[in-house]
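Working notes, structure below.
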Amino acid sequence: MRSPIPDYLDGALQSVAADESGAPADYIPELAGADPDRLAVAVCTIDGARYTAGDVGVEFSIQSISKPFVYALALADRGFEAVLEKVWVEPSGDAFNELSLDPETSRPLNPMINAGAITTNSLAGAPEMDAAARHERIVDGLSAFAGRRLSVDDAVFESEMNTAYRNRALANLLRANGIIDEDPIVAVAAYTRQCSLSVTTEDLAVMAATLANGGVHPVSGAPVVSRAVARQVLSVMATCGMYDGAGDWMTRVGVPAKSGVSGGLIGALPGQVGISTFSPRLDRHGNSVRGLDLFERFTADMGMHLMEVPPATTTVIRSDRVHHAPAGDVRVVSLQGALQFSGAEQVLRYFVDKTIEEHRIALALVRVQSVNDVARRMLLEVIRRLSLEGHEVFLIDPDQVIPDPDPGTGGSVVVLHSLQDLLPLWRRRAAE
Ligand code: DON
């Protein structure tokens, strides 16, 4: 069978192709010459499947889309505290190149605006690294996100350096306020080099999918950054990634995102996909016009809005039956679904509200697909409390959704593969 997804993506590109509004960025001369009609989309799932349509082979400079990834490297290399001390995480509501710092702390308000991004560039790598080593760390790090070696487009770099008066002003402001230590012109060159890395639309989808996959590369399975770093970066993308259009974006599209002035746009839906689009004509916020339309369409068509409330979950308690066996009755409470806090709370409440007469209680996880960390701890606490009340507790867990269950002090549990395993257990016990 041929997948319908590329056809869907082709159709989506066709639906926006006629829109010629907006214009390519012209404050970087090299970008002003970009072919405004280029149009591409790529999707990468967290298990590495890739779908593309349009001009996906075309390379363009990553520009501000580098910011979340360099922020990730700074967090990984220096730790959260050191980075937060220098760059805060509050939306600025300003344009990307606004000359603004927090009036109280002098910190840039977030790492997505240029002031924050010049600072996070200086925080990537070890403190003792010189500019060349730090650049290597950034190229290595962004290449690890992409899964292929990226390189700088020197023409774009030179072109932006010739006109980077605003970023120089920002770097001077940062230096004057003790936020960066290096020479402002060195800091601007380093940041501009980061923005000049060449990528394809497909690279960007894979990079976004690495964030959506908790920092693990979706194709190779290589860990790039920790889950905690990926979560922090996605949060800041959700609140600050689209600058002064962030609120409008979050309500209309609802996916953590980042735009770049060369026309790229990425979105990362945690636990699902990375998406990227490329179309050089920009709106007044500096975001790709057709990219924005495409993302809005995907969200609507594929139910990707992060704030979409999932359909009400059915009860986690699938059944509650007493099994009569010669060796005595067993109360079997069967659970179902993917258990998180709210599901585990249902189980907890079930046992709080019910008086169980039977001595033996079995919790059956046969229909449970997954148990997250908090739900695992809550279920183990249910088991511990039932044990302390004098019950003998069994866990029927054929797929080991709770591996090595340890209910803690005073608790005990017998793990079985299936309910049928109770019979030989009774026989063994009777023979002992
Ligand atoms: O700092 C700049 O002006 C560029 N190198 C990057 C700006 C950018 O991509 C803003 N994004 N929409």
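The values are calculated or read from the model by the stated rules, or taken from the named source; none is laboratory data. These figures come from a predicted structure and were not determined experimentally. Quick reminder, even Gly has a Cβ in these numbers, built from the backbone with ideal geometry, and neighbours come from all protein chains shown. Accessible surface is based on the protein model in full, side chains and every heavy atom, while ligands, DNA and RNA are left aside. Shrake-Rupley method; radii C 1.70, N 1.55, O 1.52, S 1.80 Å.
Taking residues in the range 378-405 that are under 13 Å from ARG360 (Cβ atoms), and partners anywhere that are part of a loop (DSSP other than H, G, I, E, B) and open to solvent by less than 10 Å² (accessible area, probe 1.4 Å), the pairs with Cβ atoms closer than 7 Å and at least 6 places apart or on different chains are LEU395/ILE402. For LEU425, the conditions (1) surrounded by 15 or more Cβ atoms within 10 Å (Cβ to Cβ); (2) closer than 17 Å to GLU358 by Cβ; (3) touching a strand residue (DSSP E or B) at 6+ places or on another chain (Cβ under 8 Å) all hold with the exception of (1).
Would you mind stating whether ASP130 is at pLDDT 95 or above and open to solvent by 60 Å² or more (accessible area, probe 1.4 Å)?
Working: at pLDDT 95 or above: yes; open to solvent by 60 Å² or more (accessible area, probe 1.4 Å): yes.
Yes: the conditions hold for ASP130.
For residues that are within 13 Å of the ligand (Cβ to nearest atom) and aliphatic (A, V, I, L, M), tally how many sit in the range 35-63. Reasoning before the result, please.
The initial filter retains those residues of the range 35-63 that are within 13 Å of the ligand (Cβ to nearest atom), namely 60-63.
If we keep only those that are aliphatic (A, V, I, L, M) too, we end up with 62.
Adding up the residues that qualify gives 1.
Whether a residue is more than 16 Å from the ligand (Cβ to nearest atom) and open to solvent by 10 Å² or more (accessible area, probe 1.4 Å) was assessed, and GLY254 does not pass this test.
Given the residues GLY337, GLY267, GLY274, which is the only one that is within 16 Å of the ligand (Cβ to nearest atom), of a type outside the set (S, T, N, Q) and surrounded by 15 or more Cβ atoms within 10 Å (Cβ to Cβ)?
Numbers: GLY337 fails: within 16 Å of the ligand (Cβ to nearest atom); GLY274 fails: within 16 Å of the ligand (Cβ to nearest atom).
That would be GLY267, the only listed residue that is within 16 Å of the ligand (Cβ to nearest atom), of a type outside the set (S, T, N, Q) and surrounded by 15 or more Cβ atoms within 10 Å (Cβ to Cβ).
All conditions but one from (1) surrounded by fewer than 20 Cβ atoms within 10 Å (Cβ to Cβ); (2) under 19 Å from VAL316 (Cβ atoms); (3) under 27 Å from the mean Cα position of the chain (by Cα) apply to VAL368; the one that does not is (1).
The test for being open to solvent by 50 Å² or more (accessible area, probe 1.4 Å), within 16 Å of the ligand (Cβ to nearest atom) and assigned by TED's automatic domain parsing to the domain that holds LEU294 holds for ALA23. Answer yes if at least one residue in the range 174-191 is polar (S, T, N, Q), part of a helix (DSSP H, G or I) and either in the same structural domain as VAL255 (by TED's automatic domain parsing) or more than 11 Å from the ligand (Cβ to nearest atom) (or both), and no otherwise. No, because not a single residue in the range 174-191 is polar (S, T, N, Q), part of a helix (DSSP H, G or I) and either in the same structural domain as VAL255 (by TED's automatic domain parsing) or more than 11 Å from the ligand (Cβ to nearest atom) (or both).
Consider LEU234 carefully, then state whether it is away from the ligand (no atom under 16 Å from the Cβ), in a helix (DSSP H, G or I) and either open to solvent by less than 10 Å² (accessible area, probe 1.4 Å) or under 26 Å from PRO91 (Cα atoms) (or both). Even if it seems obvious, please write down each step before you answer.
Details: away from the ligand (no atom under 16 Å from the Cβ): yes; in a helix (DSSP H, G or I): yes; either open to solvent by less than 10 Å² (accessible area, probe 1.4 Å) or under 26 Å from PRO91 (Cα atoms) (or both): yes.
So LEU234 fits the description; yes.
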